[in-house]
1. Which residue fluctuates the most in the chain, going by a Gaussian network model with Cα springs under 10 Å, if the choices are HIS351, HIS43, HIS179?
2. Between LYS280 and ASN334, what FRET efficiency comes out of the Förster formula 1/(1 + (r/R0)^6) with R0 = 45 Å and r the beta carbon distance, rounded to 0.05?
3. What distance in nm separates the simple spin-label points at LYS125 and ASP304, each placed 7 Å from Cα in the Cβ direction?
4. Based on the Cα gyration tensor of segment 256-298, what are the three equivalent ellipsoid semi-axes, each the root of five times an eigenvalue, rounded to whole Å and given largest first?
5. Under the rule of -39500 (n - 2.57) per DSSP H run of 4 or more residues, summed and divided by the residues of the chain, what mean residue ellipticity at 222 nm is obtained, to the nearest 500 deg cm²/dmol?
6. How big is the antiparallel share of DSSP beta bridges in the chain, given as a percent to the nearest 5?
7. When the chain is treated as a GNM, springs tying every alpha-carbon pair under 10 Å, which of GLN182, GLN24, GLN200 comes out with the largest mean-square fluctuation?
8. Using only Cα atoms, what Kirkwood radius does segment 208-362 have, in angstroms?
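The values are calculated or read from the model by the stated rules, or taken from the named source; none is laboratory data. All values derive from a computational prediction rather than experimental measurement. Cβ atoms come from the backbone with ideal geometry, glycine included; neighbour counts cover every protein chain shown. Protein only, heavy atoms only, side chains kept; ligands, DNA and RNA dropped before computing areas. Shrake-Rupley method; radii C 1.70, N 1.55, O 1.52, S 1.80 Å.
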Amino acid sequence: MSIGQVFPSQYEAQLAEKANRLTQLVHSICTTAPELYRSAPEHFRQRAEFRIWHNGDDIYHAMFDPQSRQPVRIDYFPVACKLIADFMPLLLKHIQFNHELRYKLYQVDYLATTSGELLVSMIYKRKLDEQWIAEANKLTGELAAHYNIRIIGRSRKQKVVLSQDFVTESFVVANQTLHYQQVESSFTQPNAGVNQQMLQWAADIAKHLTGDLLELYCGNGNFSLALAPYFTRVIATELARSSIKSAEYNISLNNIDNVQVLQMSAEDVAAALAKGSSLKHIELAELTLDTVLVDPPRAGLDPDTLALVSRFNDILYISCNPETLAANLEVLANTHQVEKLALFDQFPYTHHIETGVWLKRR
């Protein structure tokens, strides 16, 4: 596939190829074909990052080819949502002959919402001063009539926030609208359409579950908020402080009172539960932890965390790496069986596969 391009006519074929790959990887544990949750075939990403290439008076976005490692000029990016794709050439038009905004501009990152908010991070190889701030504010004013835009300037050990460094995304899950703060440079699911399907999939399963939920790797509370109505309490854990702050903000924003976020690694949670001690200030005797949700990094679950999750009646496993997922499922198959398997096509036209698995104790 050509970098930065989409091929809608080939979408179903590439999705079928992914489904076949996932089926083959987990065939010894699960014999049913995965449910397929499709992406829009174009304009599906709410987040995109580019190098900025300078060539005389010319300036353009670029991405690096993964094979040749050479920069590829990007004049239009149909992978990104329409808001980002249409804004990219407009930004360059405004800064092409503006010395303060162009000089040593190295990279631009975009973060957009489905409701039309746009956060633009401009990253430089120089210190930003009052003149840059004045020109950036002027640019924001010029664009404000047509774009709900926030600009951030970054350089080494420097971050200049002109108004705010986040956008607020909304998803509808089980007829309830949830609002999420998404902070610049923090992780968020890039494909908003597929993310909403993931949340609904998890909520549909949670309707059949009881007790309290333990969530590992909760991020900004993406799943925590959507699943809160189905459990007595949700104990969500995360290590990154910035994600914890966003999760706490989102809990308050949505007036949710049964979710608590703890700064703990999955390994620390496993050790605490193995000893029967408390989770921070929460006594285990107060909880009925029947369900666990894990959304680990690409490395999957380590042996101690695998041992931890195998103690739960129900496991919701969200995976971004089918190989480590398959290895983890081989272990969990000793105690659990797969009830549901889903493929969420977060990243069309790539080899990446996002998977959801519901496992129930045998």
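1. Result for the chain, Cα springs under 10 Å: HIS351 fluctuates most.
2. Details: r = 30 Å, r/R0 = 0.68.
The value I calculate is 0.90.
3. That separation, rounded to one decimal, is 4.2 nm.
4. On the way: eigenvalues 57, 45, 23 Å².
Taking √(5λ) for each eigenvalue gives 17, 15, 11 Å, largest first.
5. Values: 10 runs with 110 residues, N = 362.
Helix contribution divided over all residues of the chain: -9000 deg cm²/dmol.
6. On the way: 48 of 76 bridges.
Once the DSSP bridges in the chain are tallied, antiparallel ones form about 65 percent.
7. Most flexible of the set in this elastic network: GLN24.
8. On the way: mean 1/r = 0.0631 Å⁻¹.
That comes to 15.8 Å for segment 208-362.
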